[in-house]
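The values are calculated or read from the model by the stated rules, or taken from the named source; none is laboratory data. Predicted model only: the values in this text are computed from it and were never measured. Here Cβ is always computed from backbone atoms with ideal geometry, including for glycine, and neighbour counts include all displayed protein chains. To get the accessible areas, we keep the full protein, side chains included, count just its heavy atoms, and leave off ligands, DNA and RNA. Shrake-Rupley method; radii C 1.70, N 1.55, O 1.52, S 1.80 Å.
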Amino acid sequence: MLYHRTERTQRKNEERKRRLDEAVSCLMSLSAEEASAMKGTNLFLWLCSMMRISGSLLSKARIGAMLDGDNVPEATVGEYRYLRACTELYGNFRHMADFSISLDEKYIIRIYEILSGKKFSGYRSESCTVREMEYRTPEGSEIPRLMKAAGRQIASEEHYEDRVRGAVSTHDMILSIWPFEERNGEVAYAAMSYELFAAGYPLPVLDISDIEHLKLSSDFVHSGSSVHLCGEVIENLLSQCGGA
């Protein structure tokens, strides 16, 4: 029964992916002003999404006020720093995409450094349990090997046959390895975001909390399937393109 449900979801994803690619191609006809407005809205919603999966409870309105330079008393110093980091990360996305630079292990580490505000000094050393995913992470000694294997997968031709599925696969590999002491969910989401952005898709703006994000991602660590998260991402991107 589970196999048939997964198969149906996969077929549905393929149809929605076809509609998504049609919607993206239609964006080429937008005027420069329309395209700029759409990109601005997409960036703002992505920043809000990044804030939510970091655990922030701030509303979109309050995040907008922070970006406008207003004083938001309920925002913590950590939330201000993280929002600036996400904005910096987007600038990195644009630079890398302009030069057609592909994601690799080195840049995944760079994403971690930007989002954590810390210099990378090594991967996580001890195993831990991610309660929201009901998942026991690999031992720390396994992480360098697993990250190199993930890097090889990301660099493979197969990874780029379907850019959306490839981006979701990158996200799920990072979460399954859980390589860093902190910000693993955010790093995985950001890495997926870059691969989608570099492929010409909008940034994903899933309106989910940190806990919801991990629960949605738990299929991969338990069954090796990314089909449900992939479906959510495709639907979200389709909505961003006005094709839902």
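Exactly which GluC sites (Glu not before Pro) in region 111-201 are in a DSSP loop and have at most 12 other Cβ atoms within 10 Å?
Glu126, Glu134, Glu139, Glu157, Glu161, Glu182
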Go ahead and set up a Gaussian network model of the chain, Cα springs under 10 Å, then flag whichever of Met147, Met38, Met133 fluctuates most. Met38
Which whole-number value in Å² is the accessible area per residue of the chain, probe 1.4 Å? 51
Checking the cross-link filter: which aspartates and glutamates have an alpha carbon closer than 12 Å to that of Lys118, excluding same-chain neighbours under 8 positions apart? Glu181, Glu182
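How large is the charge dipole for region 10-56, taken about the Cα centre, if only the Cβ atoms of Lys, Arg (+1) and Asp, Glu (-1) carry charge, to the nearest 20 debye? It would help to have the intermediate numbers written out before the result.
Details: 8 positive and 6 negative charges, 67 e Å.
Once rounded to the nearest 20, the dipole reads 320 debye.
Below 11 angstrom from the Cβ of Ser59, what's the summed charge of the other residues (Lys, Arg +1; Asp, Glu -1)? Mind dumping the intermediate values first?
Details: positive: Arg52, Lys60, Arg62; negative: Glu74.
Summing Lys and Arg as +1 and Asp and Glu as -1 gives +2.
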With springs only between Cα atoms under 10 Å apart, run a GNM on the chain and tell me which of Pro138, Pro73, Pro204 wobbles the most. Pro73
Once the principal axes of the Cα atoms of region 111-244 are found, what is the range along each, listed largest first in whole angstroms? 45, 32, 30
Given the C-alpha centroids of region 21-40 and region 220-244, what is the distance between them in whole angstrom? 21
Out of (i) 1.14; (ii) 1.04; (iii) 0.95, which label holds the value of Rg/Rh (Cα atoms, Kirkwood Rh) that was computed here? (iii)
How big is the charge dipole of region 121-180 about its Cα centre, in debye rounded to the nearest 20, if each Lys and Arg gets +1 on its Cβ and each Asp and Glu gets -1 on its Cβ? 180
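Counting other Cβ atoms within 10 Å of each Cβ, which trypsin sites (Lys or Arg not before Pro) in region 56-121 have at most 11 and sit in a DSSP loop? The partial results should precede the final answer.
Details: sites: Lys60, Arg62, Arg81, Arg84, Arg94, Lys106, Arg110, Lys118, Lys119; in loops: Lys118, Lys119.
Those that pass, being in a loop and sparsely packed, are Lys119.
Rule-of-thumb check for region 46-90: C-alpha Rg over 2.2 N^0.38 Å? Write out the running numbers ahead of the final one.
On the way: Rg = 9.3 Å, N = 45, 2.2 N^0.38 = 9.3 Å.
Normalised Rg, Cα atoms only: 0.99.
Can you give the charge dipole size of the chain about its Cα centre, rounded to the nearest 20 debye, using +1 on the beta carbon of Lys and Arg and -1 on the beta carbon of Asp and Glu?
Details: 29 positive and 36 negative charges, 30 e Å.
That gives a dipole near 140 debye.
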In whole percent, and with a 1.4 Å probe on the protein chains, what portion of the accessible area of the chain is carbon and sulfur? 51
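How high is the FRET efficiency from Glu157 to Cys26, r the C-beta distance, R0 30 Å, rounded to 0.05? If you can, show how the numbers build up before the last one.
Values: r = 28 Å, r/R0 = 0.93.
Rounded to the nearest 0.05, the efficiency is 0.60.
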At q = 0.10, 0.17, 0.21 1/Å the base-10 log of I(q)/I(0) from the Debye formula over the alpha-carbon atoms of region 19-156 is -0.50, -1.20, -1.33
Cα centroid separation, region 183-204 to region 108-175 (Å): 13
Using alpha-carbon pairs under 8 Å, 6+ residues apart, how would you state the relative contact order of the chain in percent? 29
In the chain, taking the dipole from +1 charges on Lys and Arg beta carbons and -1 charges on Asp and Glu beta carbons about the Cα centre, the listed residue (Leu214, Gln10, Gly224) farthest towards the positive end is Gly224
Mean separation of Cα contacts under 8 Å (6+ apart) over length of region 38-122, as relative contact order %: 24
